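Here, each number is a calculation from the coordinates, and none is a lab measurement. Quantities reported herein were computed from a predicted structural model and do not represent experimental measurements. Don't worry about glycine lacking a Cβ; one is built from the backbone with ideal geometry, like all the others, and counts go over all protein chains shown.
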Amino acid sequence: LGTYKMKFEKKKSKRVALVTGANRGLGFETCRQLAQLDLTVILSARDFTKGEIASKQLIERGLDVIFYELDVSNQSHMSRIEHQIERSFGRLDILVNSAAILYDTWQSAVNADLDVVNQALTTNLFGPWKLSQVCIPLMKRNKYGRIVNVSSGAGSLHYMGRGTPAYSVSKAALNALSRIIA
């Protein structure tokens, strides 16, 4: 019991980070690097199997990683992850909104399928926005918090071209949200 209590106390004192879209790419690498900095990292992904596989790879390297299923476009997932974090850690220190979809190279703004644009906005903008709203109270209670919204050059008005209208607009809006929330 003493060893378990010491491990539990150590885990509670470590900073806790949640990373979305973390089963591959930037999200996965962010998890790896944060865990190497001795944080407890919640790797989240919308695909349960892919998330389990990704977290297992990091755990096998001796990193403090746990997997939670999270589709940022699903409100019930948002509520569930808030409760999971509250129950397991009682806090959240860092949120990295890395999940993104629909790099729509086949579209132009003139003929864009607005259902596709809506899907991109739902995941790339409203997902991080809603998740921030869920996580900020956990951060405030702890008197510490950082939110990182992973964007792209495609969201920069300076570099924006004609392609990828759904993705570009969603990332430009995410950049605006980042400024407003800050």
Checklist entry - Between region 14-28 and region 153-178, how many Å separate their Cα centres? => result 22
Item to check | Whole-Hz ³J(HN,Hα) from phi, Karplus 6.51 cos²θ - 1.76 cosθ + 1.60, for region 105-115, glycine and proline x | outcome: 5, 7, 10, 10, 4, 5, 10, 4, 6, 5, 5
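Work through the residues other than Ile181 whose Cβ is under 14 Å from its Cβ and net out their charges, Lys, Arg +1 and Asp, Glu -1.
On the way: positive: Lys130, Lys140, Arg146, Arg179; negative: none.
Once positives and negatives cancel, what remains is +4.
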Checklist entry - Straight-line reach from Lys56: which aspartates and glutamates have Cα under 13 Å away, leaving out those fewer than 8 places along the same chain? => result Asp64
Item to check | Label-point separation in nm, Asp115 to Leu157, each point 7 Å along Cα→Cβ | outcome: 3.2
Next on the checklist: Under the rule a/c < 1.5 gives rounded, and otherwise a/b versus b/c splits prolate from oblate, where does region 27-96 land using the Cα gyration tensor?
Outcome noted: oblate
Checklist entry - Under a straight-distance cross-link criterion of Cα-Cα below 17 Å, which aspartates and glutamates are reachable from Lys140, leaving out those fewer than 8 residues away in the same chain? => result Glu82, Glu86, Asp93
Checklist entry - Could you work out Rg/(2.2 N^0.38 Å) for the chain, with Rg from alpha carbons only? => result 1.08
Checklist entry - Between Lys14 and Ala182, how many nm apart are label points set 7 Å from Cα along the C-beta direction? => result 2.9
Checklist entry - Using a cut-off of 12 Å between alpha-carbon atoms, which aspartates and glutamates can reach Lys50, once sequence neighbours fewer than 8 places away in the same chain are excluded? => result Glu69
Checklist outcome for this item: Here, Ser88 and Asp47, labelled 7 Å along Cα→Cβ, have an inter-label distance in nm of 2.1
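Any idea what the relative contact order of region 79-142 is, in percent, if you count C-alpha pairs under 8 Å spaced at least 6 apart? The partial results should precede the final answer.
Numbers: 34 pairs, mean separation 34.8, N = 64.
54 percent.
With r defined as the distance between the Cβ atoms of Ile59 and Trp106 and R0 fixed at 45 Å, what FRET efficiency is calculated, to the nearest 0.05?
Efficiency for this residue pair is about 0.75.
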Item to check | Of Lys14/Lys143; Lys130/Lys171; Lys14/Lys130, pairs whose Cα-Cα distance is over 23 Å | outcome: Lys14/Lys130
Checklist outcome for this item: Where a ≥ b ≥ c are root eigenvalues of the Cα gyration tensor, a/c under 1.5 meaning rounded, otherwise prolate if a/b exceeds b/c and oblate otherwise, region 104-153 counts as prolate
